[in-house]
1. Can B:M139 be described as surrounded by 17 or more Cβ atoms within 10 Å (Cβ to Cβ), touching a helix residue (DSSP H, G or I) at 6+ places or on another chain (Cβ under 6 Å) and facing chain A (nearest Cβ under 9 Å)?
2. Could you tell me how many of the residues in region B:15-46 are part of a helix (DSSP H, G or I) and either more than 7 Å from chain A (Cβ to nearest Cβ) or closer than 20 Å to B:K435 by Cβ (or both)?
3. Quick check: is even one residue across region A:182-196 facing chain B (nearest Cβ under 9 Å), touching a Cys at 6+ places or on another chain (Cβ under 9 Å), without any contact (Cβ under 8 Å) to a residue 24 or more places away in the chain and not polar (S, T, N, Q)?
4. Of the residues in region B:173-194, how many are within 13 Å of B:E147 (Cα to Cα) and assigned to a loop (DSSP other than H, G, I, E, B)?
5. If I filter region B:261-268 for residues that are within 16 Å of the chain's Cα centre (by Cα), touching a residue at least 12 places away in the same chain (Cβ under 8 Å) and crowded, with 23+ Cβ neighbours inside 10 Å, do I get at least one hit?
6. Does region B:160-172 include one or more residues that are assigned to a loop (DSSP other than H, G, I, E, B), surrounded by fewer than 24 Cβ atoms within 10 Å (Cβ to Cβ) and under 29 Å from the mean Cα position of the chain (by Cα)?
7. Can you list residue pairs whose Cβ atoms sit under 7 Å apart, with the first residue in region B:28-44 being under 16 Å from A:I111 (Cβ atoms) and the second being surrounded by fewer than 17 Cβ atoms within 10 Å (Cβ to Cβ)? Count only pairs 6 or more apart in sequence or on different chains.
Number of protein chains: 2
Amino acid sequence: PDREELSKAAAKTQMEFEYDGPSMKTEVPGPRSKELTKQLGEIQNVGAINFFCNYEESRGNYLVDVDGNRMLDVYTQISSIPIGYNHPSLIKVMSNPNNMSAFVNRPALGIMPPENFPEKLAESLLSVAPSGMSRVQTMACGSCSNENAYKAMFIWYRNKERGHNIPSDEDVSSCMINQSPGCPDFSILSFMGGFHGRTMGCLATTHSKAIHKLDVPSFDWPIAPFPKLKYPLEEFTRENAQEEARCLEEVEDLIVQWRQKGRPVAGIVIEPIQAEGGDNHATPDFFKKLRNIAHKHGSAFHVDEVQTGGGATGKFWAHEHWGMDDPADIVSFSKKMLTGGFYHKDELQAYRIFNTWMGDPSKNLFLAEVLNVIRRENLLEEVTRSGKTLLQGLYQLQDQYPNLLSSARGQGTFCAIDIRDDATRNSILLKARDKGVLLGGCGDRSIRFRPALVFKEYHVHMFLNVFSDVLAEHN
Amino acid sequence: PDREELSKAAAKTQMEFEYDGPSMKTEVPGPRSKELTKQLGEIQNVGAINFFCNYEESRGNYLVDVDGNRMLDVYTQISSIPIGYNHPSLIKVMSNPNNMSAFVNRPALGIMPPENFPEKLAESLLSVAPSGMSRVQTMACGSCSNENAYKAMFIWYRNKERGHNIPSDEDVSSCMINQSPGCPDFSILSFMGGFHGRTMGCLATTHSKAIHKLDVPSFDWPIAPFPKLKYPLEEFTRENAQEEARCLEEVEDLIVQWRQKGRPVAGIVIEPIQAEGGDNHATPDFFKKLRNIAHKHGSAFHVDEVQTGGGATGKFWAHEHWGMDDPADIVSFSKKMLTGGFYHKDELQAYRIFNTWMGDPSKNLFLAEVLNVIRRENLLEEVTRSGKTLLQGLYQLQDQYPNLLSSARGQGTFCAIDIRDDATRNSILLKARDKGVLLGGCGDRSIRFRPALVFKEYHVHMFLNVFSDVLAEHN
């Protein structure tokens, strides 16, 4: 059988495992979801709850809710389900008795790891290590990953400044009371529109929505403009290059200013595509030059792939699209990787990065299997194919509804489109859900598409049909 | 059968499940551990690795390493294994097919929780909610729990200051660039010797060891002295009361000073027993008065039970020993609770506490079962009994070795003792391990005892025998 036929056969198998389309029984949230939301409201805040799910019945790209509504999921738990719901390979991980103990006995990984830990790290995280990186530290979630990556950059920077890694007596005594030089006035340079998490260090580098930051004390750290580009990027190369140059100039200015202020920039953190902030892209040229600026000024370069990593852009890491041998000093991840953590260059190794759990080895078991599935089912090629079809479809709809849609953009299936205004965007999200397609927003008025890696071309067509109907209602 | 006999029968069952004592085959770390440490060293820092474990073969109170050494575990993965290794009830949770989907499909709990989520929260976390608290938020780890608890206190304090919860335009715009008033200059008051985690917000309240804090930027927040008491507490009531009064006075002074500095104290955070910092105790009277000071000055009161919570002190929460109806505004937890999170009063509810995962429902399933086991096997009574025997034994050894040991102290099995000096402490820890007893240090020269809740009186005697031999070698 040729490639085409194999692919059809694979699609057929998946279709048999999956449902054959959305199926809506009630409004969403339905009566059972509403009842449960009320129950949960007695225990915690439910302001953000959409509906309750029946995960047992969910399969592949379809999420089933507690009222029996079955939706094509193009949001996947805020971009965190890598290969769809209840993938048979993941079920197998669970039913393998050899894996039992990893779930039942959560170790303190930093002091007493299980026997198979180095092997499982090699099989899972190291097998997809970014170029130039052979070291990785797991963490429990995305925020902890970034917090600890920042700490690794601060420690590295301070050792560089000292010329060695032995703290002075003054360092030791002053740090105990939160004072310099033990707690130095270093900063992390971040970008307007960026999102890096919500713990206090991360939050000082997050600038996507006020609601994330409001009322929480922060650090006086430099914030650079992220390029505001015109899409499709290839049609506006000259203007976009100018905009990127402007932002890079500002980055250098800020690094110099903050050094003069006595708050030197120990590290620069950036997403390859600003996700929460509205799916803002920049060109490989921008990232190459930014990486060089970091080098030039002696700042570490941290690429946050918490949302972009794990294959959705058609490459395993979004930064691979830059085509660099030495793309970063630190790459952090979470979400689709099922475990948080960060890769780093040898120089950024720090034995003071530590906590009780340091991740969760049961998540590494799942990740190893996810990576097997990605390879076995050629999911990165699949994503590239589905992504092309998706973006083409968005271009067509944008031509058809120029007053409603603009700036279709994407890499792989990691796509987005802008809607006329916030109110229309939110109405479209709800109407699409009523028709059985689950989408998410980002930025002020964008819709982001975040399907699992098993989202095939026929799912794209199914989505485009529903989306087209919804748009017609809003024109 | 009377209570005594039932208890003996239960002990027998456990003994059959467990091993009958330590059994050492090699030095620790043995050859296989050394080989694996070398392997892991290629991937990440191994400076803190003690040895590698065979978790499959570990049972109850016994941890088995990869060289076949079987040790009585009085440290339990930095105090995070509640009912011993491979407890049959936890294995059952894993093999129940109804639970499969919670492991395989990790949801974004804040937007699309599973159907059984409210029920499982009620069964698990709410069934042991601290007095006056009916609301709980799960988080992935201890640091995230405290970070988000601090945020909840900041948001609550700011709303109180505003008189309502609607931010001004200036709040909204200034917070995006990390500036006041949107990111207000609020502080959290913490105590010297306290440990609350290692992310940047938590770290600003952690003051146990320089190594945790060195080279990481921090906040200018007030740090109060924690009482340095003499043990046994009941023998030094007058001096201890004076010392506590001195510290409380300092707390009030700091609150006033920081208000004058324009950095008002939004919250006070404290451990019921400072654990990492050296197992420092204070009396219920101290905590009652501190709670009143918080009230008086309008600061929230956050009790960090990450290490003390979950039963080891003989009560489910260590703060229950204070005998207060309204002990706190926030109680955070992790470790033995298997999931991180925090309980809070209704007023501290904040819909802006959010992240992708918001905990992990598969951990709630295990926790619900751990709580069943605690109730079924009367483990809190067991802990009280074992703890009494342990502390009596430590008192005896301290009488026997007055130059070596001092300040034996504890609640339940959450006990500690001071050793002559740091070097002797470390030597004792290693020698005990060689004889098959696993212990941990804390503070400058203390040994902390952190067995699981299934540590029975006969385990205490086994431990005391080994400990006594080791001490004899150091006298």
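1. On the way: surrounded by 17 or more Cβ atoms within 10 Å (Cβ to Cβ): yes; touching a helix residue (DSSP H, G or I) at 6+ places or on another chain (Cβ under 6 Å): yes; facing chain A (nearest Cβ under 9 Å): yes.
Criteria met by B:M139.
2. Residues in region B:15-46 being part of a helix (DSSP H, G or I) and either more than 7 Å from chain A (Cβ to nearest Cβ) or closer than 20 Å to B:K435 by Cβ (or both): 11 in total.
3. For region A:182-196, residues facing chain B (nearest Cβ under 9 Å), touching a Cys at 6+ places or on another chain (Cβ under 9 Å), without any contact (Cβ under 8 Å) to a residue 24 or more places away in the chain and not polar (S, T, N, Q): present.
4. Final tally of qualifying residues: 0.
5. no
6. In the first step, residues of region B:160-172 are kept if they are assigned to a loop (DSSP other than H, G, I, E, B); the result is B:163-168.
Still in the running and surrounded by fewer than 24 Cβ atoms within 10 Å (Cβ to Cβ): B:163-168.
With the extra rule that they be under 29 Å from the mean Cα position of the chain (by Cα), the set shrinks to none.
Checking region B:160-172: not a single residue is assigned to a loop (DSSP other than H, G, I, E, B), surrounded by fewer than 24 Cβ atoms within 10 Å (Cβ to Cβ) and under 29 Å from the mean Cα position of the chain (by Cα).
7. B:V28/B:D434
Residues are listed down the side, and each one gets a yes or a no for (1) under 25 Å from B:V128 (Cα atoms); (2) in contact with a strand residue (DSSP E or B) (Cβ under 8 Å, 6 or more places away or on another chain):
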{"site": "B:T356", "(1), (2)": "no, no"}
{"site": "B:G359", "(1), (2)": "yes, yes"}
{"site": "B:V373", "(1), (2)": "yes, no"}
{"site": "B:Q398", "(1), (2)": "no, yes"}
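The values are calculated or read from the model by the stated rules, or taken from the named source; none is laboratory data. Not measured: the values here are computed from a predicted model. A quick note on method: Cβ atoms are made from the backbone with ideal geometry, for glycine too, and the neighbour counts reach across all protein chains shown.
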